[in-house]
Structure formats: structure tokens, C-alpha cells
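Working notes, structure below.
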Amino acid sequence: MFLSFLTDLFQQDFMLRALAAGFMLGILAPLLGSIVVVRRLSFIADTLGHFSLVGISVSLFLSSIGFSYFFEKPLYLGIIFSVIGGLLIEFFRRSYKNYKEISMVIVISLGAALSAIFFALASKTGSLYEYLFGSILTVTNYYIYLIFITLVIVSILFILYGKKIVAVSFDEMNAKFLGINVGLFQLVFIIMLSIVVSVLLEAAGVLLISSMMVIPVAAGMRIGWSYKSTVIISVIFSELSVLVGLWFAYSFTIPSGAAIVSVNIIILLIVALTKRIINTRRIKNLSKNQ
């Protein structure tokens, strides 16, 4: 079955698009996810995903009153609203410095409410199921170009400012001491993360975005010996989950986003159990030697 999948993978255009999208998202998601985890903002991707969904619902509403362009390209407004949601999170985080987690509850609540309102007002809602769970097997060429541009921009930022990004993520006070503009970094990071979350929306769906960003990093943290090694391992796990997830989605006709996330969780469980067994045996050997 897997061999027939590989054959179809390189013979059918929609499979090639899915593979290309999955490969690039497999780099983007854990790359940003590593920063999200380090900064203890694992819930932020879900929040931005819900606010990106506001842009999708507004696009569908506008198309229902005569602006058909927005029905064909809803992701553009999704990106805009995701950035707005990110800026709102940053505003509330600075307003509630001792209770920063409140910001995400406020924004995700607003996003869910506005999405429900505009979906209700729209006469045609498209495939709401795909917006919720994603469908990487149906991505278009313009989506591939959008992912590629996003990946290039994020890669350049990490190449130029990687050390500063890591410094601010691990210790903001020390970063300020080193002369890094922490406020500017946080603003740039939240905008960059908002765009990436919106791009992930079509492939993973609003309900699974956070999983694609966080779970590979969680698995990588179990065996990584440094931040750099953790990111590399996370990307490898992410790419593996994309390939196997595509196979499951194509073979069993299930949502691709859900399949990819399920494989991610299986990898995490395997890594965690293996690590536990190794540590247990190591402790037993040390006890015997003593």
C-alpha cells in the first residue's frame, strides 16, 4: 500500500502540491514552535488560529454580498486578522504584566465570537470542515507560493537574528542587558508568528495548528541536548509525520491535518516511552554498580 502511495505521490499534481506544502510546513511549524515553547506561549497558536478564522468568515461574508474575489482568496484576510489578533495579544500582555495569560483568553474569545457572527451572516460558507481540520491534499498553487515566500522570509530572519531571537526567548532581562530591543523583538515575533499560523490554517485547520507547532518540539526536547539540536530533531519528526500523515490521509480518506497530528503524537509517545525505559535501565545499572 505504501509503495502505491509513493508512486501516486510523484505522478499526481495534487499529491505533489501536498508534498511540497507539507515539506515547507514541516520546517516552518517546529521552527516557530520552538520559540513558542521556550517562551511558554504554547496556547498562542490556537488563539491566533481562531482570530485568523475571523478573516476567513469576513471573506465569506463579503463574497456573499458581491465581492466574489474574497471567496476565492479568503486566506489573505485571514493573515490580516491573524496579525491584528497578534497585536491585540501583545497589547493585553503589556496591560496585564502579572497575568499575561489573560490576553490569549480575551483574544480567542473575541475571535470565536466574531467568527460565529460572520459565518452566520454569510450566505455561503464554503467548506467550514476544512477550515476547522485542514486539508493539505487540496491546496492550490497560490498556496504553495505563499508558503514558500513565508518560509524564505522566516529563514532570513532566523539567519540574521537567530542569536538575538534565542537570547530574548530564554532570558529577556539578560537580552536587555546585552542591548537588544526586547519590545521590538516581541512585536516582530508576534507578527511573524501570526502570518505563519494563518498559512498553516489551510493545511492543519484552526483546531490543529497548535499541535503541528508544539508536538514535534515536545518530542525533540526529550532527546535534544541543546536548543539547536532540539530544533533539528523537531524538524525531522515534523517531516516524518507529514509524509506518514499524507499516506494515512490518502489511503483511508481521512482529514490530512488530523492524520499528521496523530502521527506526531505517536512519535511523541514512542520517544517518551523509549526515553523512560532507557532512564529506568540506567538507574538500575547504577544501583547495581553501587
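Rounded to the nearest 500, the 222 nm mean residue ellipticity of the chain from helices alone is -28500 deg cm²/dmol, with -39,500 (n - 2.57) taken per DSSP H run of at least 4 residues.
Between PHE237, PHE189, PHE170, the Gaussian network model of the chain with springs among Cα atoms under 10 angstrom shows the greatest mean-square fluctuation at PHE170. Number of Lys-Lys pairs in the chain with C-alpha atoms under 28 Å apart and a separation of 8 or more places or on different chains: 16. Phi angles across the stretch 197-212 convert, under the Karplus curve 6.51 cos²θ - 1.76 cosθ + 1.60 with θ = phi - 60°, into 3J(HN,Hα) values of 4, 5, 5, 6, 4, 5, 8, 9, x, 4, 7, 10, 4, 4, 4, 5 Hz, Gly and Pro given as x. Relative intensity of the chain on a log10 scale, I(q)/I(0) at q = 0.13, 0.15, 0.17 Å⁻¹, equals -0.91, -1.16, -1.39, per a Debye sum over C-alpha point scatterers of equal strength in the absence of solvent. Here the Gaussian network model covers the chain, with springs between Cα atoms less than 10 Å apart; of LEU157, LEU60, LEU246, LEU157 fluctuates the most. Can you classify the stretch 38-170 as rounded, prolate or oblate using the Cα gyration tensor, where a ≥ b ≥ c are the square roots of its eigenvalues, rounded means a/c under 1.5, and otherwise it's prolate if a/b beats b/c and oblate if not? Taking the square roots of the gyration eigenvalues as a ≥ b ≥ c, the stretch 38-170 is oblate.
Entry note, the chain: relative contact order of 27 percent, from Cα contacts under 8 Å with a spacing of 6+ residues.
May I ask for the equivalent-ellipsoid semi-axes of the stretch 130-244, computed as the square root of five times each C-alpha gyration tensor eigenvalue and listed largest first in whole Å?
Numbers: eigenvalues 149, 66, 31 Å².
Working through the eigenvalues yields semi-axes of 27, 18, 12 Å.
For the stretch 181-230 and the stretch 144-173, what is the separation of their Cα centres, given in Å? One Cα centre to the other: 11 Å. Across the stretch 35-41, rounded Karplus estimates of 3J(HN,Hα) from the backbone phi angles (6.51 cos²θ - 1.76 cosθ + 1.60, θ = phi - 60°) give 5, 4, 5, 4, 7, 6, 10 Hz, Gly and Pro being marked x. Taking ARG39, ARG94, ARG17 as the candidate residues, the one with maximal mean-square fluctuation in a Gaussian network model of the chain, Cα springs under 10 Å, is ARG94.
According to the square roots a ≥ b ≥ c of the eigenvalues of the Cα gyration tensor, what is the shape class of the stretch 1-67, taking rounded for a/c under 1.5, prolate for a/b larger than b/c otherwise, and oblate for the remainder? Taking the square roots of the gyration eigenvalues as a ≥ b ≥ c, the stretch 1-67 is oblate. Across the stretch 216-227, rounded Karplus estimates of 3J(HN,Hα) from the backbone phi angles (6.51 cos²θ - 1.76 cosθ + 1.60, θ = phi - 60°) give x, 5, 4, 5, x, 5, 6, 10, x, 10, 7, 4 Hz, Gly and Pro being marked x.
No lab work stands behind these numbers, since they all come straight from the coordinates. Not measured: the values here are computed from a predicted model.
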